Amino acid sequence: MTGEELVARARAVAANAYAPYSNYFVGAAVVARDGRVFEGVNVENAAYPLGICAEKAAISCAVTDGCKPGDLEAIGITASPCGGCRQWLWEFRIDRVTFPNSAGEIVTYTPAELLPEAWELPE
Ligand code: THU
């Protein structure tokens with residue numbers, strides 16, 4: 001799947017977001033190397049810090065279905081990923097991360113470009 005197709009899937013699923021506090025609906029769609037597609041949306045909570053981002057929801061669905069770091073090829077998001085999600089994208093070694101930037105252009109980066117000098121747990 002192309003990055004544009006993944007962003008289109010993310011835009012469609014964003015309607016399902018549970019975001020009554022921010023009213024900011026985010027969607028994400030991730031494709032595994034074997035073709036499986038997993039979607040996620042942001043899920044907020046009245047205790048605000050407990051909400052989760054769409055990217056984390058999508059990656060969690062993939063992990064629930066058996067995916068591991070290295071199994072996910074690309075992700076499309078309806079917005080630029082937050083700092084915490086960039087750490088998740090790094091962890092799962094996703095090749096391509098596609099989203100509309102602040103100018104509305106669809107852009108694609110690697111997790112390393114989005115999170116240079118990323119922290120890793122020392123072995
Ligand atoms: N949000 C995401 O789902 N992904 C991001 O990368 C940025 C922020 C959500 C979290 C919250 O529900 C809403 O956007 C406003 O911050």
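A few points about this structure:
- Residue ranking by accessible heavy-atom surface, 1.4 Å probe, largest first, among Trp88, Trp119 comes out as Trp119, Trp88.
- Using the 1.4 Å probe convention, the accessible area of the chain works out to 55 Å² per residue with neighbouring protein chains retained.
- Remark: segment 43-115 is approximated by an ellipsoid whose semi-axes, taken from the C-alpha gyration tensor as √(5λ), come to 19, 18, 10 Å, largest first.
- Entry note, the chain: relative contact order of 23 percent, from Cα contacts under 8 Å with a spacing of 6+ residues.
- Under conditions of 4 °C and 1.567 mPa s, the chain yields 91 µm² s⁻¹ as its translational diffusion coefficient, taking Rh as the Kirkwood radius over Cα pairs in the Stokes-Einstein equation.
- Expressed as a whole percent, the accessible area of the chain that falls on carbon and sulfur atoms is 55 (1.4 Å probe).
- Ordering of 99-110, 73-84, 31-42, 46-57 by packing [mean C-beta count within 10 Å, highest first]: 73-84, 31-42, 46-57, 99-110
- The stretch between Tyr18 and Lys68 holds 15.4 nm of extra length on full extension. This uses 0.36 nm per residue minus the Cα-Cα distance.
- Summing charges over neighbours of Gly40, with a neighbour being any other residue whose Cβ is under 9 Å away from its Cβ, gives -1 when K and R count +1 and D and E count -1.
- Arg93 paired with Met1, simple spin-label distance in nm, labels 7 Å along Cα-to-beta-carbon: 2.1
The values are calculated or read from the model by the stated rules, or taken from the named source; none is laboratory data. Quick caveat: nothing in here was measured; it's all calculated off a predicted structure. Note that each Cβ is placed from the backbone with ideal geometry, even for glycine, and that neighbours are counted across all protein chains shown. Accessible surface areas use protein heavy atoms only, side chains included; no ligands, DNA or RNA. Shrake-Rupley method; radii C 1.70, N 1.55, O 1.52, S 1.80 Å.
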